[in-house]
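Visitor: First, the structure itself, so that you have it in front of you.
The values are calculated or read from the model by the stated rules, or taken from the named source; none is laboratory data. All values reported here derive from a predicted model rather than from experimental measurement. Neighbour counts run over all protein chains shown; Cβ positions are idealised from the backbone, glycine included. These accessible areas exclude ligands, DNA and RNA; they are computed on the full protein's heavy atoms, side chains included. Shrake-Rupley method; radii C 1.70, N 1.55, O 1.52, S 1.80 Å.
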Amino acid sequence: MLQSEYIRNLNCNYERVLLDKKPEENRYQYCIVTRGGIRGLLPCSLRYINGQAYLYYDISSTQSVAQLYARKAIGRQWMKDFLWGMRRIKQELGRFLLDDANLLWYPEQIFQDLEKNDFYFLYVPYYEEENGFGKLLDYLVEHIDYEDEGLVECIYKMHEQFGLLGNIYLEERIFEDGKLLEHSTEPNEECSAERNAADKLEPEPIPADDLPIKMTDSERYAEREQDVSRENKKGIRYFLDGKRKKQKEEREQIRSQTGRMMQGYAVCEETNYREAPRGKEQINEQMEELGRTMYMEECREEPEEFNGLFNENGKEVLRLDRRSVILGKKKEEADCVLEDSSVSRMHARITKEKDSFYLEDLNSTNGTWKNGLRLQPYEKRKLEKEDEIKLGKVVLFYR
């Protein structure tokens, strides 16, 4: 298994992959890949450090698929764009006589340019281990939009066929199955209800007298295809219901956890009624008791404590009341939008783990700094009170 890490060198961010043995630099694949200029491949260079060989992949101004869709669902259009990018990189590798089995398909190692919407892949020359396409399909199964049944059916079929055929499926069959995304309709509640009703209908049994005495091979094949299709639809329906139920339970759990607890309780004491006084002494005694003022302690609500980010003037920029927040300048991706040209589209993330907050750089162009020390790409550091956070030219304080 490849060992990789993210580092920053000069003005570029890299994913650095350690090679388990000394490479033969003069072999064809190394020469072509390190020369560069292949569309869809991350620029790559071979370097030696302390006697060990590394491949440096330039990932500047991109984000990995795993980071992009950690908190949101993958839709139909993204999947169509990805299949187009996948076909293009295969064609490019074919032009340069490179083996596409050496591409890495792990979600953490597929990168996307958020401005141009292009995909970039890692190519490891003469790679002989698992390329991770099965892991990618597992990731898609977990992160696709389950309201789009056409998309679910397409991904479900890809997952099943890849399990049966392996890498042979990646040649042309996957693109044929991808055409389901063109022909099937977009999510629609009315259409979904009609499909749900149609799926529940069982085919009427055929009388025995009407069955053909002898079926041809083509008829047997057609009948088998119908049975397989019917079973696949039942499997997809069961799969959809399970995922939707799970997502509903997660939403209910989050709603219950975010509900505020009562800060205090009002208690009513039981009234003690006394008999009417009899005589002058009893009346005086009661009047003296009523004349004394009882001290009632005031229950003041303590100010709510919270963690947040503040600017240099002490103004609150972001209240950290969630498990994870992304800071950047792209409104569609960031929870806290920082409108500054030095800030990347997805610049940094702050996550809460147990009772502590951690700052993480998201492969930003101009870097993320904590108290003057720069974070490596995707590196996490624990935040302490009054820490200075610098995102490009923007300075914030954690309090």
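Visitor: With D355, D387, D361 as the choices, which residue is closer than 19 Å to S61 by Cβ and either free of Cβ contacts under 8 Å to residues at least 24 places away in the same chain or touching a Lys or Arg at 6+ places or on another chain (Cβ under 8 Å) (or both)? First the steps, then the outcome.
Guide: Details: D355 fails: closer than 19 Å to S61 by Cβ; D387 fails: closer than 19 Å to S61 by Cβ.
The match here is D361.
Visitor: Determine whether I7 is among the β-branched types (V, I, T), modelled with pLDDT of 95 or more and closer than 30 Å to S324 by Cβ. Give the steps one after another, and end with the answer.
Guide: On the way: among the β-branched types (V, I, T): yes; modelled with pLDDT of 95 or more: no; closer than 30 Å to S324 by Cβ: yes.
So I7 does not fit the description; no.
Visitor: S356: hydroxyl-bearing (S, T, Y), closer than 13 Å to L327 by Cα and under 23 Å from the mean Cα position of the chain (by Cα), yes or no?
Guide: No.
Visitor: Exactly one of these conditions fails for M215: (1) open to solvent by 70 Å² or more (accessible area, probe 1.4 Å); (2) in a loop (DSSP other than H, G, I, E, B); (3) at pLDDT below 90. Give me its number.
Guide: Tallying (1) open to solvent by 70 Å² or more (accessible area, probe 1.4 Å); (2) in a loop (DSSP other than H, G, I, E, B); (3) at pLDDT below 90, M215 fails exactly one: (1).
Visitor: Here's another thing I want to ask about it. Across the range 336-378, which residue is surrounded by the fewest Cβ atoms within 10 Å (Cβ to Cβ) among those that are aromatic (F, W, Y) and assigned to a strand (DSSP E or B)?
Guide: In this case the residue turns out to be Y358.
Visitor: For the range 1-36, give me the residue count where each residue is open to solvent by 40 Å² or more (accessible area, probe 1.4 Å), part of a helix (DSSP H, G or I) and not basic (K, R).
Guide: Number of matching residues: 3.
Visitor: Further, regarding this structure: Being assigned to a strand (DSSP E or B) and either in contact with a Gly (Cβ under 7 Å, 6 or more places away or on another chain) or farther than 19 Å from L68 by Cα (or both) is the filter here, so list the residues in the range 379-390 that pass it.
Guide: Of everything in the range 379-390, those that are assigned to a strand (DSSP E or B) and either in contact with a Gly (Cβ under 7 Å, 6 or more places away or on another chain) or farther than 19 Å from L68 by Cα (or both) turn out to be R381, K382, D387, E388, I389, K390.
Visitor: I'd like the full set of residues that are loosely packed, with under 14 Cβ neighbours inside 10 Å, outside any loop (DSSP other than H, G, I, E, B) and polar (S, T, N, Q), limited to the range 46-91.
Guide: Q52, Q77, Q91
Visitor: Does I110 fit the bill of being loosely packed, with under 13 Cβ neighbours inside 10 Å and either over 25 Å from S4 (Cα atoms) or without any contact (Cβ under 8 Å) to a residue 60 or more places away in the chain (or both)?
Guide: no
Visitor: I've got another one for you. Going through the range 92-124 one residue at a time, which ones are in a helix (DSSP H, G or I) and of a type in the set (A, V, I, L, M, F, W, C)? It would help to see each step written out before you state the result.
Guide: Applying the first criterion (in a helix (DSSP H, G or I)) to the range 92-124 yields 92-95, 100-102, 107-109.
Once the filter is applied, which keeps residues that are in a helix (DSSP H, G or I) and of a type in the set (A, V, I, L, M, F, W, C), the range 92-124 yields L93, A101.
Visitor: On to the next question. When the residues of the range 116-128 are filtered to those that are farther than 17 Å from Y30 by Cα and open to solvent by 20 Å² or more (accessible area, probe 1.4 Å), which remaining residue is modelled with the highest pLDDT? Spell out the reasoning first.
Guide: Our first condition is that a residue be farther than 17 Å from Y30 by Cα; within the range 116-128, this holds for 116-120.
Checking which are open to solvent by 20 Å² or more (accessible area, probe 1.4 Å) leaves us with 116-118, 120.
On the way: K116: 87, N117: 89, D118: 94, Y120: 97.
Here the residue is Y120.
Visitor: Which condition number in (1) farther than 21 Å from R345 by Cα; (2) buried (at least 18 other Cβ atoms within 10 Å of the Cβ) is the one that R39 fails?
Guide: Condition (2) is where R39 drops out.
Visitor: Test R88 against the criterion of being within 22 Å of N363 (Cα to Cα) and of a type in the set (D, E, K, R), and give yes or no.
Guide: Here the answer is no, as R88 does not meet what is asked.
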